[in-house]
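Below is one structure, written out as structure tokens, with a few remarks after it.
What follows draws every value from the coordinates through simple rules; no lab data is involved. Just so we're clear, the structure is a prediction, and the values are computed from it rather than from any experiment. Note: ideal-geometry Cβ built from the backbone for every residue, glycine included; neighbour counts use all protein chains shown.
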């Protein structure tokens, strides 16, 4: 690969890469606002100025150049730190603050604001501007976002997203001079499903998510990489949390899955992760028709005793799993059924797959009609899946013992069939329509509280990581399932998700080659 | 006594000349076109323009032949665009040509179009110039009738259409990429370069944008040859300039001079010096974006290189004179007001810098200045210089820096 | 929604012929709107123009708010532009504007209540040797004497 010199250090670059791109790939920060990997280059914020002292032909440029719009060339010598560059960075920063309200104390972006960060890192830290600043009021520009134009630094990312990525051109720019403003058309309200991305792209607090407004200081948030549970795309995300509470979900770049984006529906799934009203926090047992709290060990033993009394085996034992169960959980459930009962009756009801959304734009394919994160995984593990499957209804009708993992989507007919079983044991995080018929409820952790993997629509195995602790006595299904197995007389013990995944990879042909390590932060696509 | 050198204004200075097609042809007009259509290849036209050393008259002074030579030969369509957006304070030379002898630059434009293989050219003229736009349109109509435009010009097989495109009030559209944006029905915001218009110009096709006065030089060069053109002016600065004298001059107007003659003589002999017998305080030599010169700095040859050496710019050769009663602060204020108003706003330094400088200079105008503010004007204008995408930022910062550096005493008069 | 007459639509077709893409004809079309609407582009036209040339509403609004000739409010029957840029501003243009405002009883940017005359302060109109300069409709008035502004206005009122 050809090489150029950035601050006297050799940097390799690919043909066509700009100085900024090559520097970022090499881990050197050059401050910038308007540049974004996903968007066209406009080179207007002027923050990424560098000094090209040698173009590679012995001649330098008299003026500073924007590194976002200048291609790297072999032998080029670039300074991003000399005095000339410092002066340039300083004046750009100072000028950006000329009309900026400096309302950081009440700004939601504070702590993750590029303007704030760069002002400290590359600015002089003060402004001599002493005139009245231009001001605007808050604007309600979308169902999911707010606009505070006083903070806008005119980077035009919002408009370029609207035109180039989303396509509706909701954001435009109007007027000129210092009156230039980025806004929607008059009182137009944005209603599309990707507004949160505008807030993500905005390098300052001009566009913010309503959902996060005035809720938490950004610097308090811990960010745990994970995967969105909202649909079969499995957008890579971070779960941003503080004090055991999930505050928001943000997309995490993955060029092969969601690029830089996620939809607003996905962002809102954090609400359920925090839900207290439907959350199951203690083991429950049905006594005289009512579910009453019970102790974990006693309850597990009681389940084993009841199973023995029923002397159920083979066809008489059925498992039904929800499609947000992890691969590891499904694997253990399958093992439990096979090992303790010799049963192969495991189901994961699933709405028939409608055609994947098609469209010229990537965003149009981001949201799938399949609202489950691990349907492909269940299918690959041999879980029978079609909803309205008469076989499932029949099997349930004959079952004495039913294990329910999560809250599987179920038709009334299916629920009625399950109701006839002698023993229904549910391992779940939330109350659902299964609540009324379960004889035993074992409270489980939800997706933000545990480790595990899901396989998305591309059969890409992606990892969830624990961000917060579960409530009350809720336990990891990876612990509950082995405990149940042991109570039922099998040899089993708790193993963390990576170990279970290793066993799965060995035991299931279709998962050959997968491991926690290869899944990493970007996922692993099955053969 | 300095005299005019008439090359472009020759017809205009002839009594009774009305700029019609008939009059222009009677004066030898369109013989260059006839010559080219009959006996020259496009490359030969480019070569003769290259050999003449003609440099663009729009402000930057880039060699025209070289510019045409950059147009790729293997890509079609290509576009010739004439920049008639003249809107810089002090500048009115292009309007002088358009109003008085439109066929001169039109012939140059047809020749240029042929040279770069263009079959549809656009003349971008500022929106408020309603009459000049009409003037060009009328001239074009006559050209179509005479078979000098349209299909198969003079039986040569070469076809060309010309369209007048009116702007709508934005000085920045004089910047060539902003002009192209505006021509494409967009806001006139300068583009990132590269790519340059020569490869990705109008409608992403190879395009050459040329000033009216530049194109007006072409018929002479083609007809009389490069050497004839090079006899006028000084090395590297060949030909004449249409100098627009305005401000407090006794005889304001357009004067055509050979490049390299004394600027002082232009001012005194042609412009009649300062009106009312007053003393000269300041000269702006090349339109409002060029740096001001003090009276002791004006005894220099008037060409691209000499004016640049003096720390200013020949630009549009718009000489503005200011007499001893002129308040330099007022001059600075009018200058920064203009650039603030005309900033497209996309780049940070220009958008915020012109706004800040405008506020600072206004303080002096209202007698609220102080030494700190004076220093600040100097610092901000110095630091913002050279940091924007296009030259408008520098056109604002440079002159302001020059005003405070060269006339600090004028600013001190306005201290609080 | 407003629209062009069929006669003007013929002109529009002719304009489209002159550009490789319809959207490039936006400014010429806006000039037609100005001509047909007392020198202004009312907001109701934004959608019409957007549909005609095939661009977004924001594109049209962005363009209209960019160029300073394009105003939303109707002009007076006659429109006066006073240049206050350099050199006009330093040759008495600012005084001409002041007198003009006094004579008309309006500020720059406004129209007289009878709708007869509108006044605009403009930057350079490219006839600097005739400073200070005003433009009345499409005609220039040169070297305007601030003391004679009232006469000019009176003459216009008579027209």
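If you sort the three axes of the alpha carbon gyration tensor as a ≥ b ≥ c, you get a/c of 1.5 or more for the stretch B:82-196 and a/b no higher than b/c, which makes it oblate. For the stretch A:420-527, the alpha carbon positions stretch 41, 31, 25 Å along the principal axes, listed from largest to smallest.
Over 18 Å apart: what share of the alpha carbon pairs of chain C falls there, rounded to a whole percent?
62 percent
Can you classify the stretch B:234-323 as rounded, prolate or oblate using the Cα gyration tensor, where a ≥ b ≥ c are the square roots of its eigenvalues, rounded means a/c under 1.5, and otherwise it's prolate if a/b beats b/c and oblate if not? Prolate shape, in that a/c is at least 1.5 and a/b is the bigger ratio.
Of all DSSP beta bridges confined to chain A, the antiparallel ones make up roughly 65%. Normalised radius of gyration (Cα atoms, divided by 2.2 N^0.38 Å) for the stretch A:258-349: 1.45. Across the stretch B:21-230, the volume of the C-alpha convex hull divided among the residues equals 112 Å³ per residue. Ordering B:6, A:442 by the number of other Cβ atoms within 10 Å of each residue's own Cβ, fewest first, gives B:6, A:442. Please report the relative contact order for chain A, taking Cα pairs under 8 Å with a sequence separation of at least 6, and give it as a percent rounded to a whole number. Averaging sequence separation for qualifying contacts and normalising by length gives 10 percent for chain A. Of the Cα atoms belonging to chain B, the radius of gyration and Dmax stand at 21.5, 73 Å.
Each DSSP beta bridge with both residues in chain C is either parallel or antiparallel, and the antiparallel ones are about 55%.
Applying 1/(1 + (r/R0)^6) with R0 = 25 Å to the Cβ-Cβ distance of residue A:102 and residue A:274, what FRET efficiency is obtained, to the nearest 0.05? Computed FRET efficiency for residue A:102 and residue A:274: 0.15.
Rounded to a whole number, what is D in µm²/s for the protein assembly as shown from Stokes-Einstein with the Kirkwood radius over alpha-carbon pairs (20 °C, 1.002 mPa s)?
On the way: Rh = 33.7 Å.
Calculated translational D: 64 µm²/s.
In terms of other Cβ atoms within 10 Å, B:407, B:255, A:430 run from fewest to most in the order A:430, B:407, B:255. Oblate is the label for the stretch A:42-86. Its Cα gyration tensor axes, ordered a ≥ b ≥ c, give a/c of at least 1.5 and b/c at or above a/b. Taken along its principal axes, the alpha carbon cloud of the stretch A:125-262 reaches lengths of 48, 35, 24 Å, longest axis first.
Restricting to Cα pairs below 8 Å that are 6+ residues apart, what does the relative contact order work out to for the stretch A:388-452? Please round to a whole percent.
Rounded, it is 29 percent for the stretch A:388-452.
How many percent of the alpha carbon pairs in the stretch B:328-412 exceed a separation of 14 Å? Distances greater than 14 Å cover 55 percent of the Cα pairs.
Based on every Cα atom in the stretch B:342-384, Rg and the maximum pairwise Cα distance Dmax equal 10.9, 32 Å.
Principal-axis analysis of the Cα atoms of chain A puts helix A:296-310 at an angle of about 40° to the longest axis. Quick one: angle between helix A:497-507 and the longest Cα principal axis of chain A, in degrees between 0 and 90, rounded to 10, please. Once rounded, the angle reads 60 degrees.
With neighbour counts taken as other beta-carbon atoms within 10 Å, the residues B:5, A:448, A:277, A:28 rank, fewest first, as A:277, A:28, B:5, A:448.
Angle between the Cα long axis of helix A:327-341 and the longest principal axis of chain A, 0 to 90 degrees, nearest 10? On a 0 to 90 degree scale, this one is about 10. Each DSSP beta bridge with both residues in chain B is either parallel or antiparallel, and the antiparallel ones are about 45%. Sorted from longest to shortest, the spans of the Cα atoms of chain A along the three principal axes equal 89, 51, 40 Å.
Could you please state, rounded to a whole Å, how far the C-alpha centre of the stretch B:249-316 is from the C-alpha centre of the stretch B:362-416? The stretch B:249-316 and the stretch B:362-416 have Cα centres spaced 22 Å from each other. For the protein assembly as shown, adding -39500 (n - 2.57) for each run of n ≥ 4 DSSP H residues and dividing by the number of residues yields -9500 deg cm²/dmol at 222 nm.
Considering only alpha-carbon pairs that sit under 8 angstrom and 6 or more positions apart, the relative contact order computed for the stretch B:234-323 is 35 percent.
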